[in-house]
Amino acid sequence: MTGKTALITGSTGGIGLETARGLAVRGASVILVGTDPGRARRAVGDVRRSAGHDRVSALTADVTGLDGLARLGSQVAERCDALDVLVNNVGVSLPRRELTADGVEKMFAAHVLAPFTLTHLLLPRLRRAGRARVVNVTGGIPGGPIEPGNLLGERRFLGWRFSHYNHTKTMTMALTARLAGELRGDGVAVNVVYPGHGYTPMNRSIPVAAFPRLYRPIAPLVLKVVAPLFFSDLTRSARSSVHAAASPEAEGVSGAYFDARCRRRPLPASALDERGQRAVWDLCARLSADVLAAAQP
Ligand SMILES: NC(=O)c1ccc[n+]([C@@H]2O[C@H](COP(=O)([O-])OP(=O)(O)OC[C@H]3O[C@@H](n4cnc5c(N)ncnc54)[C@H](OP(=O)(O)O)[C@@H]3O)[C@@H](O)[C@H]2O)c1
């Protein structure tokens, strides 16, 4: 990866940090993204020490907001002419329906609108890299069919069991399939990966009420003992992202889904459904239209 540049969102902690480390250790210049400047500074030092080089920097941006994405896009443009890897890693898991300042449901904003908008904002740089790779990060359980009238959870929102989380992650897969088709002629590969379980800041905050009723009595044990014991090795959780971003085996592969063990799996039917894909694409295009138009040279 020496000579290549990678941008990883949500990479000052959790799985994204290990993804950034994995790419930096392979020689890539990496740009980390998080919301907190202090954590960003510490993460830069940490990754530099692991990688043994100082081509590691950070930007702070909230990628759930269109303003944040626009600023991030222009800051990246100032730093590099070509971008070889973009990992859209930020994930949000919420028990209640929350809207961003743009009026967009927050999990949709993080898992669907952010990858769509950032990929388009950075497209000139991705094209310039030649054979660039975009990696989108999904969740484990396909969330059933995409509901075109409920993309923002406006009609039905099932938060506690992460149903809308799963719904938006299915949309991440649908977006990946559509983007891969759209960018085929641009030399930009787009794939989606599942990281597997990782004991990260995100799921340290999962409440007991998020578990199905039957499992609630054992939930504290799972959260406090089992998860830290078995899922603390985040290098394992970052494997699929690093694989899709850097491995020779993934070269030339686009529109694919890699599981937590980096095996290629078919995308679920719900992600391949054209009506769902179109609904997701059209909504993202509409919501990001002003930001993308303003970024035109
Ligand atoms: N962990 C799992 O078991 C698991 C399982 C399946 C899928 N996934 C997926 O894997 C990805 C990474 O998960 P994770 O568990 O590592 O997440 P995480 O613990 O929430 O990741 C923390 C990182 O994300 C940054 N971040 C959070 N919100 C952000 C925002 N709005 N804008 C920019 N940066 C933001 C944090 O920076 P600050 O602290 O500065 O905000 C920090 O760097 C997500 O897409 C998630 O859905 C995770």
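The values are calculated or read from the model by the stated rules, or taken from the named source; none is laboratory data. What you see is a predicted model, and the numbers here were worked out from it, not measured in a lab. Because the Cβ atoms are built from the backbone with ideal geometry, glycine has one as well, and the counts that use them run over all protein chains shown. The protein model used for the area step is the full one, side chains on, heavy atoms only, and it has no ligands, DNA or RNA in it. Shrake-Rupley method; radii C 1.70, N 1.55, O 1.52, S 1.80 Å.
Structural remarks
- Residue within region 58-78 that is among the basic types (Lys, Arg) and in contact with a helix residue (DSSP H, G or I) (Cβ under 8 Å, 6 or more places away or on another chain) present: no
- Test: residue in region 262-284 that is buried (at least 22 other Cβ atoms within 10 Å of the Cβ), more than 15 Å from residue 190 (Cα to Cα) and hydroxyl-bearing (Ser, Thr, Tyr): no
- Residues (open to solvent by 10 Å² or more (accessible area, probe 1.4 Å), in a helix (DSSP H, G or I), more than 6 Å from the ligand (Cβ to nearest atom) and touching a residue at least 40 places away in the same chain (Cβ under 8 Å)) located in region 13-51: 17, 18, 21, 22
- Hits in region 201-245 (condition: open to solvent by less than 40 Å² (accessible area, probe 1.4 Å), within 12 Å of the ligand (Cβ to nearest atom) and among the small types (Gly, Ala, Ser)): 227, 237, 238, 240, 241
- Failed condition for residue 198, given (1) touching a Leu at 6+ places or on another chain (Cβ under 9 Å); (2) of a type outside the set (A, V, I, L, M, F, W, C); (3) assigned to a loop (DSSP other than H, G, I, E, B); (4) open to solvent by 90 Å² or more (accessible area, probe 1.4 Å): (4)
- Only one of 95, 115, 124 that is outside any loop (DSSP other than H, G, I, E, B) and surrounded by fewer than 20 Cβ atoms within 10 Å (Cβ to Cβ): 124
- Residue in region 172-181 that is part of a strand (DSSP E or B), away from the ligand (no atom under 13 Å from the Cβ) and more than 30 Å from residue 227 (Cα to Cα) present: no
- Figure legend. Inter-residue proximity from region 179-201: first residues under 16 Å from residue 135 (Cα atoms), second residues assigned to a helix (DSSP H, G or I) and open to solvent by 20 Å² or more (accessible area, probe 1.4 Å), beta-carbon distance below 7 Å, spacing 6+ or different chains. Indicated pairs: 186/127; 187/127; 188/127; 195/15; 196/236.
- The one condition from (1) assigned to a helix (DSSP H, G or I); (2) modelled with pLDDT under 90; (3) closer than 22 Å to residue 258 by Cα; (4) not aliphatic (A, V, I, L, M) that residue 142 does not meet is (1).
- Selected residue (criterion: farthest from residue 245 (Cα to Cα)) from residues of region 71-85 that are away from the ligand (no atom under 14 Å from the Cβ) and hydrophobic (A, V, I, L, M, F, W, C): 77
- Residue in region 62-80 that is assigned to a strand (DSSP E or B), of a type in the set (Val, Ile, Thr) and either open to solvent by less than 60 Å² (accessible area, probe 1.4 Å) or in contact (Cβ under 8 Å) with a residue 60 or more places away in the chain (or both) present: no
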